[in-house]
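Read through the structure below, which is laid out as structure tokens, and then see the notes.
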Amino acid sequence: MANQTLVLIKPDGLKKSLTGNVLTRLSETKLEIIGAKIARVSRKLATEHYRHMKDKPFFKELIKYIMGHYHKEKVMALVYWGEDAIKKVRKVCGSTNPEEADTVSIRGQYGRITTKGVYENVIHASANAKDAKREICLWFGPDELIADIYPTKVQNINKKTRIWAR
Ligand code: UDP
Ligand code: MG
């Protein structure tokens with residue numbers, strides 16, 4: 001079945017100039033990219049993204065890591081779509097712990113464990129369809145994706161928007 005998944009190239013991946021390497025590895029999956037952007041990660045976004053980890057002893061460090069306190073303060077966010085996208089992307093990423101990950105997986109090749117004990121594992125990928133929906137809707141608006149993957153509604157928001165000055 002075709003599904004979609006959120007991928008983040010985490011701040012350590014950008015800092016280490018691994019964007020190209022990671023995208024090349026992901027292209028092995030032959031999935032389609034339906035959304036992509038460079039994003040700043042606010043504390044609110046970081047906390048929401050990792051809300052399932054909030055009771056972990058390393059939560060504070062994890063939030064700092066994904067916000068880019070230790071590296072470049074940005075992530076690359078992508079949505080991959082296609083047959084078994086969630087499973088295929090998780091496979092090429094490898095296990096969460098970079099030392100246990102398959103050595104030729106992205107995390108096995110490029111990840112490390114910091115002296116503070118955080119797994120700097122270069123990439124995030126949604127674990128299942130429920131997480132994918134929550135995460136994609138958190139990181140992307142419907143107009144930022146080139147496919148209609150979830151239901152949308154139209155709202156008339158009267159707000160000021162910035163446009164290019166000419
Ligand atoms: N993490 C960590 N130590 C752990 C478990 C997780 O530093 O013992 C970090 C790691 O960066 C991981 C993220 O927390 O990617 C989210 O953890 P999760 O269990 O959701 O793993 P994932 O889905 O990313 O493989
Ligand atoms: Mg996870």
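The values are calculated or read from the model by the stated rules, or taken from the named source; none is laboratory data. Just so we're clear, the structure is a prediction, and the values are computed from it rather than from any experiment. Positions of Cβ are backbone-derived with ideal geometry, glycine not excepted, and every protein chain shown enters the neighbour counts.
Brief remarks on what is shown
- Of the residues making up region 59-71, those that are modelled with pLDDT under 95 and either surrounded by fewer than 15 Cβ atoms within 10 Å (Cβ to Cβ) or among the hydrophobic types (A, V, I, L, M, F, W, C) (or both) number 1.
- Region 94-117, residues that are surrounded by fewer than 18 Cβ atoms within 10 Å (Cβ to Cβ) and part of a loop (DSSP other than H, G, I, E, B): Ser95, Thr96, Asn97, Glu99, Glu100, Asp102, Thr103, Val104, Thr114, Thr115, Lys116, Gly117
- Residue count, region 1-29 (criterion: assigned to a helix (DSSP H, G or I) and not hydrophobic (A, V, I, L, M, F, W, C)): 10
- Residues (crowded, with 20+ Cβ neighbours inside 10 Å and charged (D, E, K, R)) located in region 1-23: Lys10, Asp12
- Residue satisfying all of: in region 24-58; without any contact (Cβ under 8 Å) to a residue 24 or more places away in the chain and surrounded by 15 or more Cβ atoms within 10 Å (Cβ to Cβ); farthest from ligand 1 (Cβ to nearest atom) among these: Thr47
- Scanning region 53-91 for residues that are within 21 Å of Lys37 (Cα to Cα) and among the aliphatic types (A, V, I, L, M) yields Ile63, Ile66, Met67, Val75, Met76, Ala77, Leu78, Val79, Ala85, Ile86, Val89.
- Residue in region 145-163 that is touching a residue at least 60 places away in the same chain (Cβ under 8 Å), farther than 18 Å from Asp84 by Cα and either out of contact with any helix residue (DSSP H, G or I) (no Cβ under 6 Å at 6 or more places or on another chain) or basic (Lys, Arg) (or both) present: yes
- None of Val79, Val75, Val89 is touching a residue at least 60 places away in the same chain (Cβ under 8 Å), within 14 Å of ligand 2 (Cβ to nearest atom) and surrounded by 14 or more Cβ atoms within 10 Å (Cβ to Cβ) except Val89.
- Single condition Glu73 does not satisfy, out of (1) among the acidic types (Asp, Glu); (2) farther than 19 Å from Asn121 by Cβ; (3) assigned to a loop (DSSP other than H, G, I, E, B): (2)
- Test result for Tyr65, over 12 Å from the mean Cα position of the chain (by Cα) and more than 11 Å from ligand 1 (Cβ to nearest atom): no
- Ala129 under 17 Å from Leu26 (Cβ atoms), modelled with pLDDT of 95 or more and within 16 Å of ligand 2 (Cβ to nearest atom): no
- Checked against (1) touching a Pro at 6+ places or on another chain (Cβ under 7 Å); (2) at pLDDT below 95, Thr152 passes all but condition (2).
Conditions (1) among the β-branched types (Val, Ile, Thr); (2) modelled with pLDDT of 95 or more; (3) away from ligand 1 (no atom under 11 Å from the Cβ); (4) over 17 Å from the mean Cα position of the chain (by Cα), marked per residue:
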{"position": "Asp102", "(1), (2), (3), (4)": "no, yes, yes, yes"}
{"position": "Tyr110", "(1), (2), (3), (4)": "no, yes, yes, no"}
{"position": "Ile113", "(1), (2), (3), (4)": "yes, yes, no, yes"}
{"position": "His124", "(1), (2), (3), (4)": "no, yes, no, no"}
{"position": "Arg134", "(1), (2), (3), (4)": "no, yes, yes, no"}
